[in-house]
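To keep things clear, I will list the structure first and then write my remarks on it.
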Amino acid sequence: MYRSADEKPQGPPRGAAFIVALCACSLAQSACGLVDLRPVAVATHPSGPYEVVASRDETLWVMFPAAPSRTDAEEAVTVRSSTGPTDGDLSWDGLCLSWRPIEALDPGSRYRFVLSGDVRMEDGRVADLALDLPFFVLRASSMPRLVSSAPSDGASVAASASGSTALVLRFSEPMDEASVESAFSLSPGPDYRFLWGEGGSLMSIRLLERLSPCVCYAWSLGQDARAVDGAPIARAESGCFVTDLDAETPSVLATGPAALVDGRWVELSTDLSETDAGDSVAVRFSEPMDVDSVVGAITMSPARSGQVVAASTELFVYTPREPWTPEEYQRLVVRTAAKDTSGLALPRERVFGFTPRTPYLELSSVSTLVGEESPSPGEGGAFAVTIGDPPEGELTLILRFSDSFAAVAMESATRSVTVSAFFPSGLRSPRLRSAWWPSADTLSMTWEGLEASDADSERYYRLVVRGGEDGLASQRGLRLRADLAQILEAKP
């Protein structure tokens, strides 16, 4: 026999109503020769059919009135779902046998707590158990389900651009976002992100790149998707939609300076006039482009040598092989040879004019070791300098520039600075003794063999710093506008 109880009893219940499952008479007799005809009553949790238990890891139990054969009792206990037996751990606490699920039970699913078989008792009786108690976890209501999808299954849609919504799934109740996202797939796989709304019952797929035309996109949602309380979705779902033939021609969305930062191209601005020395220029298109066609379609006017690379199928970068020419008006040209991935060409040639913010390199000052200085070299009269004692006749000039020089530029710069005899005729030109860089923007050079002026003759030398395309160039590629010349007057 068995009895039902809402809570696990601590001892034999008082005045409990017994429900007879089976009256089993013991074959053993008492000392007086009487047969023990007492029924075997058990208490259970759940206590009756179709109860809703309060936790996904709820402990189920059966309480015996006397010590049972533990082996018989454990073999009699099973918990089943619609897919078969459910794994759980058995444990004993006195006369109480407990079953606890190894994995959390699914809310809303129908389970059965089954007690079936003969269980021998130590007092000689036998309990013939035949209990089947259906129960639910957390709720007995219907499982979460997918209410609708847009576009509908098999629909034909436009080849949506980056930033648009490709698919919207609406559920019957708020969902666990992480489990739904993990159970969702879209193939072929464009880059996208999930957006949630309406309290977690609406999921949108927001595109991070344009869908390709004339492609069938298939999506699926597995049964691992769950509601907020952990209830699994009623069934797996799937669908597909087809993108139409591309009817939209590509366009240039933006142009501006760009730079390579940590191996990745970064758009610095959408204003080409902010292009600085050393910058490249970027062209961003409205949709994925055919790389080869775009690489050949981007040029500069006046024509200059450069390289076009694809940072992505929508972003292309032009880098000049030589630094931008200061104050020279440039035209970035994107020809109609540029095509998108479906073969549609740019409808018209685009031209973007700008003047790079590339300054000329300047020689800020020329000075000597004794403190003589020409603050504006090449613009005034002769610069009076002190010549060292003969026979060395040394002169050290310190040249400060408006920009820094890299190691390679430092080496070549020394060949672009010369001091030569200027007046009178027959004056010998000095020889370069040494050159070094106290800092990245300062060059110190020493010549020897100069002659100081005297009462009979004034002596002049000529300092030349070569500029233009063949002159010295800073680390950023800045150059002097033209050769710079400064007359040096040797003091008496």
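The strands (runs of 3 or more DSSP E) found wholly in the range 390-492 and carrying at least 1 residues that are β-branched (Val, Ile, Thr), surrounded by 13 or more Cβ atoms within 10 Å (Cβ to Cβ) and within 48 Å of the chain's Cα centre (by Cα) occupy 442-448. Would you be able to say whether some residue in the range 61-68 is free of Cβ contacts under 8 Å to residues at least 12 places away in the same chain, more than 17 Å from ARG110 (Cα to Cα) and either surrounded by fewer than 20 Cβ atoms within 10 Å (Cβ to Cβ) or assigned by TED's automatic domain parsing to the domain that holds LEU131 (or both)? No, the range 61-68 contains no residue that is free of Cβ contacts under 8 Å to residues at least 12 places away in the same chain, more than 17 Å from ARG110 (Cα to Cα) and either surrounded by fewer than 20 Cβ atoms within 10 Å (Cβ to Cβ) or assigned by TED's automatic domain parsing to the domain that holds LEU131 (or both). Within 32 Å of the chain's Cα centre (by Cα), surrounded by 18 or more Cβ atoms within 10 Å (Cβ to Cβ) and of a type outside the set (Asp, Glu) - does that describe any residue in the range 346-358? Yes: the range 346-358 contains one or more residues that are within 32 Å of the chain's Cα centre (by Cα), surrounded by 18 or more Cβ atoms within 10 Å (Cβ to Cβ) and of a type outside the set (Asp, Glu).
For the range 217-225, the criterion of being small (Gly, Ala, Ser) and either closer than 26 Å to SER312 by Cα or surrounded by fewer than 15 Cβ atoms within 10 Å (Cβ to Cβ) (or both) is met by at least one residue.
When each of GLY48, GLY108, GLY94 is tested for being at positive phi and out of contact with any Lys or Arg (no Cβ under 6 Å at 6 or more places or on another chain), the lone residue that passes is GLY94. When ALA66 is tested against (1) under 21 Å from PHE135 (Cα atoms); (2) at pLDDT 90 or above, exactly one condition is not met: (1). Looking across SER109, SER82, one residue alone is closer than 22 Å to ALA225 by Cα, out of contact with any Phe, Trp or Tyr (no Cβ under 8 Å at 6 or more places or on another chain) and either of a type outside the set (Val, Ile, Thr) or surrounded by 12 or more Cβ atoms within 10 Å (Cβ to Cβ) (or both). It is SER82. The residues of the range 79-102 that are more than 17 Å from VAL53 (Cα to Cα), free of Cβ contacts under 8 Å to residues at least 40 places away in the same chain and in a strand (DSSP E or B), listed by number, are GLY84, PRO85, ASP89, LEU90, SER91, TRP92, ASP93, LEU97. Looking across the range 413-454, the residues that are acidic (Asp, Glu) and within 11 Å of LEU395 (Cβ to Cβ) come down to GLU448, GLU451. From the list SER367, SER439, SER412, the one residue that fits, being of a type in the set (Gly, Ala, Ser), under 28 Å from MET300 (Cβ atoms) and not assigned by TED's automatic domain parsing to the domain that holds ALA277, is SER412. Under the condition of being in contact with a Lys or Arg (Cβ under 6 Å, 6 or more places away or on another chain) and surrounded by 18 or more Cβ atoms within 10 Å (Cβ to Cβ), the residues counted in the range 359-389 number 1.
All conditions but one from (1) among the hydroxyl-bearing types (Ser, Thr, Tyr); (2) under 30 Å from THR341 (Cα atoms); (3) buried (at least 18 other Cβ atoms within 10 Å of the Cβ) apply to SER204; the one that does not is (3). Where the second residue is part of a helix (DSSP H, G or I) and the first is more than 11 Å from VAL464 (Cα to Cα) and lies in the range 403-422, which pairs have Cβ atoms under 7 Å and are six or more apart or on separate chains? So the pair list comes out as PHE405/ALA413. How about the range 103-151: which of its residues are over 46 Å from the mean Cα position of the chain (by Cα) and part of a loop (DSSP other than H, G, I, E, B)? If the condition is that a residue be over 46 Å from the mean Cα position of the chain (by Cα) and part of a loop (DSSP other than H, G, I, E, B), then GLU122, ASP123, GLY124, ARG125 are the ones that fit. The residue that is modelled with the highest pLDDT, counting only those in the range 311-344 that are among the charged types (D, E, K, R) and assigned to a strand (DSSP E or B), is ARG331.
The values are calculated or read from the model by the stated rules, or taken from the named source; none is laboratory data. Keep in mind the model is a prediction, meaning the values are calculated, not measured. In this analysis, Cβ positions are derived from the backbone assuming ideal geometry, glycine residues included, and neighbour counts consider all displayed protein chains.
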